[in-house]
1. What does the structure give for A:51-58 when I average, per residue, the other chain Cβ atoms found within 10 Å of the residue Cβ?
2. Please compare each pair in A:Lys40/B:Lys116; B:Lys42/B:Lys116; A:Lys74/B:Lys96; A:Lys107/B:Lys80; A:Lys69/B:Lys49; A:Lys69/B:Lys42 to a cut-off of 31 Å on the Cα-Cα distance and tell me which ones are over it.
3. List residues of segment A:88-118, by number, whose backbone nitrogen lies under 17 Å from a label position 7 Å along Cα→C-beta of B:Asn128.
4. Using a 10 Å cut-off around each Cβ of peptide B:61-73, what is the average number of partner chain Cβ atoms that fall inside?
5. How many partner chain Cβ atoms sit within 10 Å of a residue's Cβ in peptide A:87-97, on average, as a whole number?
6. If each of B:Asn148 and A:Leu112 carries a label point 7 Å out from its Cα toward its Cβ, how far apart are those two points in nm?
7. Please give the peptides A:57-70, B:77-90 ranked by average Cβ packing (other Cβ atoms within 10 Å per residue), highest first, as a rough proxy for protection.
8. Determine, from the Cβ-Cβ distance of B:Glu140 and B:Arg56 and an R0 of 22 Å, the FRET efficiency 1/(1 + (r/R0)^6), rounded to the nearest 0.05.
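The values are calculated or read from the model by the stated rules, or taken from the named source; none is laboratory data. Keep in mind it's a predicted model, so treat the numbers as computed, not measured. FYI the Cβ positions are ideal-geometry reconstructions off the backbone, even for glycines, and counts take in every protein chain you see. Note: areas computed on protein heavy atoms with side chains; ligands, DNA, RNA excluded. Shrake-Rupley method; radii C 1.70, N 1.55, O 1.52, S 1.80 Å.
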Amino acid sequence: MGPRNSTHGTPTTKSPTNEGSSNSRIRACHTNDEWKNHFKEHKKKNKLVVIDFTTAWCGPCRSMEPVLKELSDKYTDVEFVKIDMDELPGVAAEYGIHVLPSFLLMKKGNQLDKVIGARKDELQNKIKKHRK
Amino acid sequence: MTVQASASSSSFTSFRIPSFAVRTTRSPQRSVILAQVEPSEKSVEIMRKFSEQYARRSGTYFCVDKGVTSVVIKGLADHKDQLGAPLCPCRHYDDKAAEAGQGFWNCPCVPMRERKECHCMLFLTPDNDFAGQEQAITLEEIRESTANI
């Protein structure tokens with residue numbers, strides 16, 4: 001099962017059928033293998049990756065969905081990945097994520113920054129700062 | 001954290017959950033399956049009423065985007081179904097059952113009770129940019145705004 005593109009239109013990743021938009025740049029990782037493969041690829045590139053940690057029933061996560069879509073359309077040199085914490089709890093533990101939503105900014109496998117909570121401006125500013 | 005949780009007392013007594021109602025052993029695999037099940041209508045209604053009452057009691061307001069409110073109410077209902085307690089759905093826990101038993105993040109959580117801080121955006125103080133003007137939400141509104149989830 002390879003990585004799939006997500007519509008990011010709903011805060012859930014119940015099944016592949018819930019994701020269908022071909023123009024979304026937000027990649028949803030549903031399994032540990034998907035995440036590991038993505039991480040392996042990412043480490044080879046000098047490209048900023050924003051990881052969105054979310055769950056199905058998190059209100060503020062939902063409010064950030066259109067924001068993330070907007071940012072992913074605007075910053076096409078940045079990769080966006082979505083991880084549902086209920087699907088991949090191990091990844092959450094690995095990065096010490098507790099508050100949702102949280103956004104991790106990484107390059108070459110290294111964590112550069114973190115945004116905790118639905119803070120649109122802070123996220124945008126940090127993307128601008130780290131994308132070059 | 002433990003000290004704070006046990007020392008604080010909730011003013012919303014009707015939502016205290018007896019400890020025997022909290023399941024203490026659940027496999028991670030089961031958590032994954034249950035997390036994707038629609039919460040029961042009964043729990044959604046309980047949490048809807050609780051949210052309205054607690055907003056009025058605490059002088060807080062729902063988010064201007066009721067979709068946010070609806071998702072959180074359903075998340076609380078989902079945890080009530082799964083764990084026996086309305087554990088905050090806007091956090092990640094290594095052990096949900098243990099957290100529900102401990103009580104710190106059961107809604108209304110300790111930061112909300114003590115400082116009116118709800119990072120889930122369910123209860124917003126009037127000075128919050130996202131605060132609307134309502135302290136009421138209907139079951140219909142919840143259904144409509146979460147229909148595609």
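1. Details: counts 0, 0, 1, 2, 8, 9, 18, 11.
Partner-chain Cβ atoms within 10 Å, mean over residues of A:51-58: 6.
2. On the way: A:Lys40/B:Lys116 42 Å; B:Lys42/B:Lys116 27 Å; A:Lys74/B:Lys96 37 Å; A:Lys107/B:Lys80 39 Å; A:Lys69/B:Lys49 33 Å; A:Lys69/B:Lys42 34 Å.
Where the Cα-Cα span goes over 31 Å, the pairs concerned are A:Lys40/B:Lys116; A:Lys74/B:Lys96; A:Lys107/B:Lys80; A:Lys69/B:Lys49; A:Lys69/B:Lys42.
3. What the label zone holds, given the 17 Å backbone N cut-off, is A:99-102, A:116-118.
4. Details: counts 0, 0, 3, 1, 3, 1, 4, 7, 1, 3, 12, 5, 2.
Partner-chain Cβ atoms within 10 Å, mean over residues of B:61-73: 3.
5. Values: counts 3, 1, 9, 1, 1, 3, 2, 0, 0, 1, 2.
That works out to 2 on average.
6. Once both label points are built, they end up 3.2 nm from each other.
7. Working: A:57-70: 22.8, B:77-90: 25.1.
In decreasing order of mean packing, A:57-70, B:77-90 become B:77-90, A:57-70.
8. On the way: r = 20 Å, r/R0 = 0.91.
That gives a FRET efficiency of 0.65.
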